């Protein structure tokens, strides 16, 4: 059985958390995929790091920050990025994937999040000029050859947001040129979808695709994430068998 780890601090009354469970159920049943998923409290990531990395074949970095352990979340993101483990981050997940990349790839070691450190000098994640919490917004897919374009097969989409923070536009070009590419943006050309080059699936969305998933029509991002994770796991197993 393939296992997905949802890195986040589950709260039953959080609508994006219940939607996350439902979205995985939609995608797995629709695709008849041998996938199970479970939540991992972020405070457990660092003390159980070896077990977690050996247990799960893919990671969802969940909405609902600030997390109990920001360091734990950043550590699992770095592991997934470096070791090419399929990873999807939504809302808070997007924000922390950006911070990890800024710190460890761009060497902005003091890159911070305005929600947890509002007076930091390097606010890579800062308050949005207009809160998107609870609002739908149109997004343009800006790269015809991106994973986002392959998933959606259209140039514009409409998605729902639950956040007040996003990528500081001052850092957009720097991240994009370093390989964490902006492949979807809003009318103001601000990043709403980002993805890493040369990785099987390392995708971040500021919106929460989970809430737009149904039994009849699983959200294409969640479905693609599950499908890629299954295929990646099979390829890993085949490689291990070949090397044996």
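Key figures
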item	result
Residue in region 160-171 that is under 19 Å from the mean Cα position of the chain (by Cα), within 19 Å of residue 64 (Cα to Cα), in a strand (DSSP E or B) and at pLDDT 95 or above present	yes
Any hit, region 120-138, residues being closer than 22 Å to residue 106 by Cα, without any contact (Cβ under 8 Å) to a residue 12 or more places away in the chain and assigned to a loop (DSSP other than H, G, I, E, B)	yes
Selection within region 56-87 - under 14 Å from residue 40 (Cα atoms) and in a strand (DSSP E or B)	58, 59, 60, 61
Complete set of residues in region 194-220 that are closer than 23 Å to residue 144 by Cα, out of contact with any strand residue (DSSP E or B) (no Cβ under 9 Å at 6 or more places or on another chain) and without any contact (Cβ under 8 Å) to a residue 40 or more places away in the chain	198
Test: residue in region 158-171 that is crowded, with 21+ Cβ neighbours inside 10 Å and more than 30 Å from residue 126 (Cβ to Cβ)	no
Region 73-84 - residue that is surrounded by fewer than 24 Cβ atoms within 10 Å (Cβ to Cβ) and in contact (Cβ under 8 Å) with a residue 60 or more places away in the chain and, of those, nearest to residue 235 (Cα to Cα)	84
So residue 148, is it touching a residue at least 12 places away in the same chain (Cβ under 8 Å), part of a helix (DSSP H, G or I) and under 27 Å from residue 104 (Cβ atoms)	yes
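Results for (1) closer than 21 Å to residue 128 by Cβ; (2) in contact with a helix residue (DSSP H, G or I) (Cβ under 8 Å, 6 or more places away or on another chain), shown as yes or no for each residue.
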{"residue": "62", "(1), (2)": "yes, yes"}
{"residue": "65", "(1), (2)": "yes, yes"}
{"residue": "79", "(1), (2)": "no, yes"}
{"residue": "92", "(1), (2)": "yes, no"}
{"residue": "96", "(1), (2)": "yes, yes"}
{"residue": "101", "(1), (2)": "yes, yes"}
{"residue": "109", "(1), (2)": "no, yes"}
{"residue": "113", "(1), (2)": "yes, yes"}
{"residue": "118", "(1), (2)": "yes, no"}
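The values are calculated or read from the model by the stated rules, or taken from the named source; none is laboratory data. Values in this document were obtained by computation on a predicted structure and should not be read as measured data. Heads up, the Cβs are rebuilt from the backbone with ideal geometry, glycines too, and the neighbour counts pull from every protein chain shown.
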